[in-house]
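Working notes, beginning with the structure itself.
The values are calculated or read from the model by the stated rules, or taken from the named source; none is laboratory data. Since the structure is predicted, the reported quantities are computational estimates derived from the model, not experimental observations. Here the Cβ positions follow ideal geometry from the backbone for every residue, glycine too, while neighbour counts run over all protein chains shown.
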Amino acid sequence: MAIVNAKEMLLKATKEKYSVGAFNITNIIQMEAVVEAAVEKKAPLIIQTSVAPSKFLKPNVLAAVYRTLAESAPIPICLHLDHCTDVDFCRTCADAGYTNIMIDASKQVYEENIRQTKEVADYCRRAGDISVEGELGTVSGVEDQIKVAEDEAALCDPETAVHFVEETGIDILAPAIGTAHGIYKTANPKLDFDRLKKIFNLFNAEEPKVPLVVHGGTGLKPEVVKKLVALGGSKFNVSTDLKHVLIDSTFEYISANREQYNPGKIDKATKEAIIKRINYWIELLGCAGKA
Ligand code: 13P
């Protein structure tokens with residue numbers, strides 16, 4: 001039951017106004033940790049790998065571990081390729097067994113973004129039950145967050161978003177609304193909530209049709225996260241936060257146990273720390289008990 005693409009899971013979330021945690025992982029222990037936390041919380045789950053760890057660990061290996069974990073889990077789980085700018089690698093991951101693919105051609109001119117995104121959407125539709133996420137506007141790195149947030153042209157234009165989805169045939173849209181990847185340099189990053197609301201209404205006012213993704217989850221205050229969920233963000237991406245948990249918990253364990261040479265204990269400590277953090281996100285996003 002548990003191997004699913006993202007679309008159905010997110011249409012349900014869109015309808016019921018909660019968000020599914022989409023957690024970036026960089027190793028197998030993290031993958032096990034996010035699955036264990038989601039099972040414990042009875043939450044639907046999206047496991048994400050960005051391109052570098054996908055290439056390093058190999059798509060076939062990641063998909064095989066995902067299948068093994070998901071098949072025996074009593075919750076729906078999707079394996080998502082995050083921010084891939086390379087159409088060929090999108091195909092490789094779709095062939096390997098990923099169930100949601102994000103082609104990110106958002107830095108290209110609009111026509112080229114459409115062309116590449118459509119190519120991936122067409123391929124995934126032919127390949128089987130794989131949904132596709134596309135991006136419109138610029139979800140910046142934190143270095144550029146203020147610049148992008150203040151530049152209307154870099155954010156997702158609602159009317160263009162309708163055209164983009166129609167032309168490409170994507171299932172899920174990541175609209176740039178001012179969030180950024182990494183640690184925000186300001187306590188109150190400038191986000192365009194009205195824009196998210198407008199885009200949500202264009203697609204999902206009558207019935208849920210195109211789930212919306214919030215990128216750049218790390219560092220947002222809990223009340224901001226809740227507002228973004230209430231306005232219709234039904235996939236919520238968290239990456240940097242989990243890298244910090246992984247590295248900090250590893251460092252803390254080794255510092256406190258410098259005489260030990262027992263990798264299993266380090267793995268156990270980091271896994272527990274990640275589970276605790278995922279529990280926090282699942283509760284905040286409102287997806288506990290929604291599996
Ligand atoms: P953060 O690294 O800011 O959590 O962003 C995650 C993300 O959007 C991945 O696509």
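Remark: pairs (first residue in segment 209-222, free of Cβ contacts under 8 Å to residues at least 60 places away in the same chain; second residue assigned to a loop (DSSP other than H, G, I, E, B) and within 14 Å of the ligand (Cβ to nearest atom); Cβ separation under 6 Å; 6+ apart in sequence or on different chains) = 219/183; 219/184.
Got at least one residue in segment 66-78 being under 15 Å from residue 171 (Cα atoms) and modelled with pLDDT of 95 or more?
There is at least one residue in segment 66-78 that is under 15 Å from residue 171 (Cα atoms) and modelled with pLDDT of 95 or more.
Every listed requirement among (1) of a type in the set (Gly, Ala, Ser); (2) touching a residue at least 60 places away in the same chain (Cβ under 8 Å); (3) in contact with a helix residue (DSSP H, G or I) (Cβ under 6 Å, 6 or more places away or on another chain) is met by residue 249 save one, (2).
Quick check on segment 259-282. Is at least one of its residues surrounded by 19 or more Cβ atoms within 10 Å (Cβ to Cβ), within 17 Å of the chain's Cα centre (by Cα) and of a type in the set (Phe, Trp, Tyr)? Checked segment 259-282: at least one residue is surrounded by 19 or more Cβ atoms within 10 Å (Cβ to Cβ), within 17 Å of the chain's Cα centre (by Cα) and of a type in the set (Phe, Trp, Tyr). Of all the numbered requirements in (1) over 23 Å from residue 24 (Cβ atoms); (2) modelled with pLDDT under 95; (3) hydrophobic (A, V, I, L, M, F, W, C), residue 164 misses one, and that requirement is (2).
For segment 145-158, the criterion of being at pLDDT 95 or above and crowded, with 24+ Cβ neighbours inside 10 Å is met by at least one residue. The set of residues in segment 93-116 that are part of a helix (DSSP H, G or I) and buried (at least 18 other Cβ atoms within 10 Å of the Cβ) comprises 93, 94, 96, 113, 114, 116. Against the condition over 26 Å from residue 196 (Cβ atoms) and in contact (Cβ under 8 Å) with a residue 40 or more places away in the chain, how does residue 59 come out, does it pass? No: the conditions fail for residue 59. Please determine whether any residue of segment 28-41 is in contact (Cβ under 8 Å) with a residue 60 or more places away in the chain, of a type in the set (Lys, Arg) and surrounded by fewer than 17 Cβ atoms within 10 Å (Cβ to Cβ). No, every residue in segment 28-41 fails to be in contact (Cβ under 8 Å) with a residue 60 or more places away in the chain, of a type in the set (Lys, Arg) and surrounded by fewer than 17 Cβ atoms within 10 Å (Cβ to Cβ). Contact map, segment 81-98: first residue closer than 12 Å to residue 61 by Cα, second residue modelled with pLDDT of 95 or more, Cβ cut-off under 6 Å, separation 6 or more or different chains; pairs are 93/59; 93/81; 96/59; 96/60; 96/63; 97/63; 98/79; 98/81. Taken together, the residues in segment 122-144 that are surrounded by 24 or more Cβ atoms within 10 Å (Cβ to Cβ) and assigned to a helix (DSSP H, G or I) amount to 1.
For the residues 185, 147, the requirement of being without any contact (Cβ under 8 Å) to a residue 24 or more places away in the chain and farther than 29 Å from residue 4 by Cβ singles out 147. If the condition is being of a type in the set (Lys, Arg) and either in contact with a His (Cβ under 7 Å, 6 or more places away or on another chain) or over 22 Å from residue 161 (Cα atoms) (or both), then segment 186-225 contributes only 221. If you take the residues of segment 218-252 that are among the polar types (S, T, N, Q) and within 18 Å of residue 9 (Cα to Cα), which of them is farthest from the ligand (Cβ to nearest atom)? Applying the filter and picking the extreme gives 234. Kindly establish whether residue 178 is within 16 Å of the ligand (Cβ to nearest atom) and surrounded by fewer than 21 Cβ atoms within 10 Å (Cβ to Cβ). Spelling it out, it is not the case that residue 178 is within 16 Å of the ligand (Cβ to nearest atom) and surrounded by fewer than 21 Cβ atoms within 10 Å (Cβ to Cβ).
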